[in-house]
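These notes concern the structure reproduced below.
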Amino acid sequence: MLPATFHRLTAVAAGFRGADQLMVAGTPLVVAALFGGGPDVVGLIVAVQGSAWLVMSLPAGVAVDRIAPLDALKAGMVMAVTGVALAMAGLAGGSLALFAAGAFLSASAAVVGFLAESASVQALVPAGQLPRANARLQLVQSSAALIGPAVMGLAVLQGWTMQAYLLAALIAAVGLVFALGFGKQPARAPRARQPLAEIAEGFGFVRRQPLLVGIVACALFWNMAFFALVAVFVPFALGPLGLNAAEAGIAQSAIGIGSLAAAFLATVAMARLSPRLILVFGPASSMLASVILALSPELAGTTLRLVGPVAVFLLLGFGPILWFVCQNSIRQLVTPPVLLGRVGSVIQVAIYGVRSVGALLGGLVASRFGFSAAMGLIVGLFAASLLAVLVSALARLQTLPPPVVSQA
């Protein structure tokens, strides 16, 4: 059984993840439908919101390691409530700038929340229960990602936008109440240190740890491939695949089903399979998905035209989520407690940094050389993510490593 303190952490996670998913889904809809923004304005505000993952990750990682992660989690929940409130004020007053500030602060809260949550799990859960705990938290995330966009889309359509933001604020506030229930925690590291030196410690540890090197390399190529796919899928679906907009949306929604299935099965999978099999399966299933998508135009015009795209997003939801739960457990086990925030932030910055590169690269190749070339690029990048695992220490990992408890 997982300890009661972990169940409290799960409730906090539901608070900041639920509020974050409503905010993420609501931003483009509100900017376009209520502020009358065109694609350029929508893109700008979404970019402002997403920039929090790059701008805030490293400072947040330092903060999580300087203070107790549970105290950092409380600060993140306060930011979440404040961010939603600012967005509501901007919406009520017709201020796009204030709305954007709220979106950025809310996304910053998610950054702090994810880093603090991951660092807290290690302290609250025995090492042998980490896979189960991470699978439970992933189930919360997958549920929020599946439900949030549907709720916000319906709310905007029915004219209930402010009520949806009130719901987001309420969810975040409930999460804050659960977070405050942890009480004051002892500080984990001296405060009088140089932030850049602390960040360098995180980079140095990742560079020296073979398992983390493999995780970062795989994640970099995978995220580049996935966001190249995100950039080209809709025009590819409406063109060569012969789908309409509704069918393209149905295909993309399958990723939520796949991720939920993976979250439910992750504990069993990690109990019965060696880590190396799961770590290979994640990128391998993604590469298979990209090959299926590249071949799907052959089904255009037939009753089976949706089969390929749906299978693609089911695989992209299932395999990578199993991989994520496994790698998250490994990262928590091999990283000293005082470095968990900074190591997580280093990996986070690397991943989010290449997402824009992948999207730009996918769009550029598709526009210059056609969809076949773009599909070839995506298959190649997913193959590179698989190769990164196969040539790393991850491919030799028969069992989860023992927990590291020494100070860095």
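Does Ala116 satisfy being modelled with pLDDT of 90 or more, closer than 19 Å to Val404 by Cα, in contact with a helix residue (DSSP H, G or I) (Cβ under 9 Å, 6 or more places away or on another chain) and not assigned by TED's automatic domain parsing to the domain that holds Pro337? Working first, answer last.
Numbers: modelled with pLDDT of 90 or more: yes; closer than 19 Å to Val404 by Cα: yes; in contact with a helix residue (DSSP H, G or I) (Cβ under 9 Å, 6 or more places away or on another chain): yes; not assigned by TED's automatic domain parsing to the domain that holds Pro337: yes.
Spelling it out, Ala116 is indeed modelled with pLDDT of 90 or more, closer than 19 Å to Val404 by Cα, in contact with a helix residue (DSSP H, G or I) (Cβ under 9 Å, 6 or more places away or on another chain) and not assigned by TED's automatic domain parsing to the domain that holds Pro337.
Got at least one residue in the range 290-305 being in a helix (DSSP H, G or I), under 17 Å from Leu220 (Cα atoms), out of contact with any Asp or Glu (no Cβ under 9 Å at 6 or more places or on another chain) and not β-branched (Val, Ile, Thr)? Explain how you work it out, then say what you get.
Within the range 290-305, the first condition is being in a helix (DSSP H, G or I), and the residues that meet it are 290-299.
With under 17 Å from Leu220 (Cα atoms) added as a condition, the list becomes 290.
Right, trim to out of contact with any Asp or Glu (no Cβ under 9 Å at 6 or more places or on another chain) and you get 290.
Still in the running and not β-branched (Val, Ile, Thr): 290.
Yes.
Using the structure shown, decide if Leu2 is surrounded by 17 or more Cβ atoms within 10 Å (Cβ to Cβ) and either in the same structural domain as Trp160 (by TED's automatic domain parsing) or under 24 Å from Ser120 (Cα atoms) (or both).
Working: surrounded by 17 or more Cβ atoms within 10 Å (Cβ to Cβ): no; either in the same structural domain as Trp160 (by TED's automatic domain parsing) or under 24 Å from Ser120 (Cα atoms) (or both): yes.
Taking the combined requirement at face value, the residue does not satisfy it.
When we screen Ala89, Ala72, Ala85 for residues that are out of contact with any Leu (no Cβ under 8 Å at 6 or more places or on another chain) and either over 28 Å from Ser356 (Cα atoms) or part of a helix (DSSP H, G or I) (or both), the only hit is Ala85. The numbered conditions (1) more than 30 Å from Leu34 (Cα to Cα); (2) buried (at least 18 other Cβ atoms within 10 Å of the Cβ); (3) among the β-branched types (Val, Ile, Thr); (4) at pLDDT 95 or above are all true for Ile171 except (1).
Listed here are the residues, each with its yes/no results for (1) free of Cβ contacts under 8 Å to residues at least 60 places away in the same chain; (2) on the phi > 0 side of the Ramachandran plot; (3) not hydroxyl-bearing (Ser, Thr, Tyr).
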{"residue": "Met270", "(1), (2), (3)": "no, no, yes"}
{"residue": "Leu277", "(1), (2), (3)": "yes, no, yes"}
{"residue": "Ser285", "(1), (2), (3)": "yes, no, no"}
{"residue": "Leu295", "(1), (2), (3)": "yes, no, yes"}
{"residue": "Val312", "(1), (2), (3)": "no, no, yes"}
{"residue": "Leu322", "(1), (2), (3)": "no, no, yes"}
{"residue": "Gln327", "(1), (2), (3)": "no, no, yes"}
{"residue": "Arg331", "(1), (2), (3)": "no, no, yes"}
{"residue": "Gln348", "(1), (2), (3)": "no, no, yes"}
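All of Ser296, Ser259 fail the test of being crowded, with 18+ Cβ neighbours inside 10 Å, over 21 Å from the mean Cα position of the chain (by Cα) and among the small types (Gly, Ala, Ser), apart from Ser296. Screening the candidates Ser108, Ser51, Ser57 for the property of being closer than 23 Å to Pro149 by Cα, buried (at least 17 other Cβ atoms within 10 Å of the Cβ) and outside the structural domain of Phe324 (by TED's automatic domain parsing) yields one hit, Ser108.
Filtering the range 58-109 to residues that are under 19 Å from the mean Cα position of the chain (by Cα) and polar (S, T, N, Q) leaves Ser106, Ser108.
The values are calculated or read from the model by the stated rules, or taken from the named source; none is laboratory data. Note that this is a predicted model, so its numbers are computed, not measured. Reconstructed Cβ throughout: ideal geometry from the backbone, glycine too, with neighbour counts over all protein chains shown.
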